[in-house]
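For reference, the structure is listed below as structure tokens.
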Amino acid sequence: MLSALMLRTLVLVAASVGQLAAGAALPASASTSKHDVTPLPDYVLTFAPLSYLYSGESWWPADIADFVTHVTPQVNFDAIPPSPVTLENVATLNSSVFLTSNDFVEDDGGHDWLTNAANIPDETGYTPAPATIVAVEKPGGILDAFYFYFYAFDHAAFLDIPFGNHVGDWEHSMVRFINGTPTDIYLSAHSGGAAYTYPALVAHNSSGRAQTFIAVGSHANYATSGAQLYPLPVIGPLADHTNFGPLWDVAKNYRGFWFDNSTQTFSVAGGVDIGGQELEGEGAGWLEFLGKWGDEQYPIGLEHDQYCVSDDECHFVSGPTGPIAKNLGRTAVCQDESGCTIKTSR
Ligand SMILES: *[C@@H]1O[C@H](CO)[C@@H](O)[C@H](O)[C@H]1NC(C)=O
Ligand SMILES: *[C@@H]1O[C@H](CO)[C@@H](O)[C@H](O)[C@H]1NC(C)=O
Ligand SMILES: *[C@@H]1O[C@H](CO)[C@@H](O)[C@H](O)[C@H]1NC(C)=O
């Protein structure tokens, strides 16, 4: 603190004397703001999963900074302040709040900011939509790295009937490192997910990195390419589909953070590309928002052609909670720690 103040004073004095070349004084303030930032360990990026989106996807990765410009906070379908909501002020809102679309939402999303075709990854795996990477240190030399994928719209269907659509979609994979070596990986899918040993998901051409697949529309994460069955209580088994569509390399563009499990707080770890730039002004506070990143489930009626087969199995359902609600402090590899089985092959 003292040395930063002294440096700043010296810079001001020197500048006022006119002895500094233009720009020479600038690093003082830049280094002050970055002073306490501990970057993510290299291995978190070296062993970030390589994830294949579906070739026929229509709802691509989204940048949360863009997403929040299209929503208004609501409680019980009534708008509440602040307006506009931003990543800087969203954490002032409580868990009853829904970040609700300003536009009428249809089965196809209906708007560019919900579909995000501009964010289709290029042939290098780069998308302009930053991922969110959260690292959590735990006893026993463990570091859990959570790779969060965000989409502005989740589209699902049963026998081609739209079902379970929602605005906002947070999904994640988690790699457990022990003393810097990746040992296990968890893939979120719907209300559950699956865990594997890390080597089980390394492919012949994936440079030692785990290879994962993201289902069309629902964005659930899987270990294999093809049809994936998952259960729904009332409706029965639904099928997700994955294939070798565009590759998403989250290490190329991300916002990075630390999560301290003992204080349940987040801090900035720096980032890369657009994520790294946007992070500077946003800080880490938005990760503490406990509300929903999307619309509240619409009432049954004509407005959105809403229909339901149970309380929470509907054409349109509520948007999801954010990273803070994904059991970042977990001891087991799985989000739901009861009966966590770690598979040793795909
Ligand atoms: C959450 O915030 C809303 C809007 O300010 C308020 O009406 C509501 O009472 C709050 N809920 C809780 C549980 O604090
Ligand atoms: C790896 O191989 C699969 C086919 O087995 C191919 O579809 C994919 O594009 C390859 N990935 C890379 C990074 O070369
Ligand atoms: C993280 O914190 C929670 C809540 O205090 C605790 O139950 C959990 O055991 C902690 N996790 C680890 C890995 O220490």
For a quick check of your reading: which strands (runs of 3 or more DSSP E) sit entirely within the range 161-277 and have at least 3 residues that are among the charged types (D, E, K, R)?
166-178
Give me the pairs, please: first residue somewhere in the range 118-139 and farther than 19 Å from residue 152 by Cα, second residue anywhere and hydroxyl-bearing (Ser, Thr, Tyr) and within 16 Å of ligand 2 (Cβ to nearest atom), beta-carbon distance under 9 Å, and either six or more positions apart or on two chains.
125/51
If you check residue 141 against the conditions, is it closer than 23 Å to residue 296 by Cα and away from ligand 1 (no atom under 16 Å from the Cβ)?
no
Specify the residue that is nearest to ligand 3 (Cβ to nearest atom); the eligible residues are those in the range 79-122 that are aromatic (Phe, Trp, Tyr) and more than 21 Å from residue 279 (Cα to Cα).
98
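Going by the structure shown, is residue 180 more than 16 Å from ligand 1 (Cβ to nearest atom) and in contact with a Pro (Cβ under 8 Å, 6 or more places away or on another chain)?
When the stated conditions are applied, residue 180 passes them.
What number of residues within the range 260-277 satisfy the criterion of being of a type in the set (Val, Ile, Thr), within 18 Å of residue 288 (Cα to Cα) and touching a residue at least 40 places away in the same chain (Cβ under 8 Å)?
Count: 1.
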Are any residues in the range 123-150 within 15 Å of the chain's Cα centre (by Cα) and in a loop (DSSP other than H, G, I, E, B), and if so, which ones?
127, 128, 129, 130
State all residues of the range 36-68 that are touching a Phe, Trp or Tyr at 6+ places or on another chain (Cβ under 9 Å) and free of Cβ contacts under 8 Å to residues at least 40 places away in the same chain; if no residue qualifies, say none.
68
Would you confirm whether or not the range 253-262 contains a residue that is within 16 Å of ligand 1 (Cβ to nearest atom) and modelled with pLDDT of 95 or more?
no
Looking only at residues in the range 174-183 that are buried (at least 24 other Cβ atoms within 10 Å of the Cβ) and in contact with a helix residue (DSSP H, G or I) (Cβ under 9 Å, 6 or more places away or on another chain), which one is nearest to residue 319 (Cα to Cα)?
175
May I ask you to say which residue of 143, 114 is over 18 Å from residue 48 (Cβ atoms) and modelled with pLDDT of 95 or more?
114
Those residues of the range 88-122 which are out of contact with any helix residue (DSSP H, G or I) (no Cβ under 7 Å at 6 or more places or on another chain), assigned to a helix (DSSP H, G or I) and either within 16 Å of ligand 2 (Cβ to nearest atom) or not charged (D, E, K, R) (or both) amount to 92, 114, 115, 117, 118, 119
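Name the residue, out of 200, 210, that is surrounded by fewer than 21 Cβ atoms within 10 Å (Cβ to Cβ) and over 22 Å from residue 158 (Cβ atoms).
Numbers: 210 fails: surrounded by fewer than 21 Cβ atoms within 10 Å (Cβ to Cβ).
Just a single option satisfies the conditions, and that option is 200.
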Kindly indicate which of 266, 289, 244 is closer than 25 Å to residue 128 by Cβ and within 16 Å of ligand 1 (Cβ to nearest atom).
289
With respect to residue 83, is the statement that it is surrounded by fewer than 21 Cβ atoms within 10 Å (Cβ to Cβ), in contact (Cβ under 8 Å) with a residue 60 or more places away in the chain, assigned to a loop (DSSP other than H, G, I, E, B) and away from ligand 2 (no atom under 16 Å from the Cβ) true?
no
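The values are calculated or read from the model by the stated rules, or taken from the named source; none is laboratory data. A quick note: this is a predicted structure, and the numbers were derived from the prediction, not measured. Backbone-built Cβ (ideal geometry, glycine too); neighbour counts: all protein chains shown.
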